[in-house]
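Asks: Just passing along the structure, written as structure tokens.
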Amino acid sequence: ERGKPESTTAEIPVSGPALQPDFTASFPPWPRKARITDVDAHDGAAPNLRPFVLMCVASAAVSLSNAGHALLQPLYMSSAGLSEGYIGFIIGVLSLSLVVGRFASGWAIDHWGARGFLLYGALAWTLASPLVVTTNQPALLVAIRVIQGLSLAFFTNAGIGYVSYTFGDHVRGRMLGWWWLAWTSVVPIGPIFAGALVKTWGFTTAFIVMSA
């Protein structure tokens, strides 16, 4: 009609595509599963798996040796005439050394890196472990157990640190899982193998083989 102002409001459709809700707009696309060889977002490079595989092999070797010594050492100390009280104390020293070593190795790895302590920890374990069979003196056996505990603490902490530093968030959990799988998978084999060695060739050979 004449003199009536025009409406400034656009017509709102009552049906059609504009009213159909888009439920997918608020959800991101489902991400594909990350691969271990993917480029790391932190440094822009794909991780080198060869050192990790070697580290897992070393982890299995040290774990096998440690499990074997868990059987060998009490048997040897008992055959050497040590009392049950001495044997229990000497065996328990390893756990106390592990506690101390965890704290010390964590600080050292943060300052000097993990790779060197993987080597030093494995080397200290390998050199100290055969010495058990050379003595029946409680003080010397305690000292050897302290070295073993510290070396295990440095080795295992360095392994965790190396994996954490090397692999990005997208695969770090899986790589830690593989690292610990290498450690734990051989634990049941150690005592069986060590027992067979003692029965066949005696303590000296068993300690040397289980320490290599």
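Asks: Look at the stretch 161-179 and say how many of its residues are in contact (Cβ under 8 Å) with a residue 40 or more places away in the chain and either assigned to a helix (DSSP H, G or I) or open to solvent by 10 Å² or more (accessible area, probe 1.4 Å) (or both).
Replies: Selection size over the stretch 161-179: 11.
Asks: Tell me yes or no: at least one residue of the stretch 148-166 is within 23 Å of Ala80 (Cβ to Cβ), in contact with a helix residue (DSSP H, G or I) (Cβ under 9 Å, 6 or more places away or on another chain), of a type outside the set (Gly, Ala, Ser) and at pLDDT 95 or above.
Replies: Yes, some residue in the stretch 148-166 is within 23 Å of Ala80 (Cβ to Cβ), in contact with a helix residue (DSSP H, G or I) (Cβ under 9 Å, 6 or more places away or on another chain), of a type outside the set (Gly, Ala, Ser) and at pLDDT 95 or above.
Asks: Being small (Gly, Ala, Ser) and surrounded by 13 or more Cβ atoms within 10 Å (Cβ to Cβ) is the requirement here; does Ala139 meet it?
Replies: Considered against the rule, which asks whether it is small (Gly, Ala, Ser) and surrounded by 13 or more Cβ atoms within 10 Å (Cβ to Cβ), Ala139 comes out as no.
Asks: In the stretch 142-160, what residues are open to solvent by less than 20 Å² (accessible area, probe 1.4 Å) and aliphatic (A, V, I, L, M)?
Replies: Ile144, Leu152, Ala153, Ala158
Asks: Still on this structure, I have one more. Can you name the residue in the stretch 128-138 that is assigned to a helix (DSSP H, G or I) and touching a residue at least 12 places away in the same chain (Cβ under 8 Å) and is also farthest from the chain's Cα centre (by Cα) among such residues?
Replies: Taking the candidates together, the pick is Pro138.
Asks: Would you pick out the residues in the stretch 52-69 that are surrounded by fewer than 16 Cβ atoms within 10 Å (Cβ to Cβ) and either in contact (Cβ under 8 Å) with a residue 40 or more places away in the chain or of a type in the set (Lys, Arg) (or both)?
Replies: Val57
Asks: Restricted to the stretch 186-212, and to residues that are closer than 22 Å to Leu141 by Cα and not in a helix (DSSP H, G or I), which residue is least open to solvent (accessible area, probe 1.4 Å)?
Replies: My answer is Gly202.
Asks: On to the next question. In this structure, does Ser79 turn out to be over 16 Å from Thr204 (Cα atoms) and in contact (Cβ under 8 Å) with a residue 40 or more places away in the chain?
Replies: So Ser79 fails the test.
Asks: A further question on this structure: Could you say whether any residue in the stretch 78-87 is open to solvent by less than 60 Å² (accessible area, probe 1.4 Å), over 30 Å from Phe52 (Cβ atoms) and in a helix (DSSP H, G or I)?
Replies: Yes: the stretch 78-87 contains one or more residues that are open to solvent by less than 60 Å² (accessible area, probe 1.4 Å), over 30 Å from Phe52 (Cβ atoms) and in a helix (DSSP H, G or I).
Asks: Also, I was wondering about something else. Could you say whether any residue in the stretch 98-108 is basic (Lys, Arg), in contact with a helix residue (DSSP H, G or I) (Cβ under 9 Å, 6 or more places away or on another chain) and at pLDDT below 90?
Replies: Within the stretch 98-108, none of the residues are basic (Lys, Arg), in contact with a helix residue (DSSP H, G or I) (Cβ under 9 Å, 6 or more places away or on another chain) and at pLDDT below 90.
Asks: Are any of the residues in the stretch 69-79 within 17 Å of the chain's Cα centre (by Cα), among the small types (Gly, Ala, Ser) and within 20 Å of Ile189 (Cα to Cα)?
Replies: No, every residue in the stretch 69-79 fails to be within 17 Å of the chain's Cα centre (by Cα), among the small types (Gly, Ala, Ser) and within 20 Å of Ile189 (Cα to Cα).
The values are calculated or read from the model by the stated rules, or taken from the named source; none is laboratory data. Bear in mind that the values here come from a model prediction, so they are computed numbers and not experimental data. For neighbour counting, all protein chains shown are included, and Cβ atoms are generated from backbone atoms with ideal geometry for every residue, glycine included. Ligands, DNA and RNA are stripped out before the accessible areas are found, and what is left, the full protein with its side chains, is counted by its heavy atoms. Shrake-Rupley method; radii C 1.70, N 1.55, O 1.52, S 1.80 Å.
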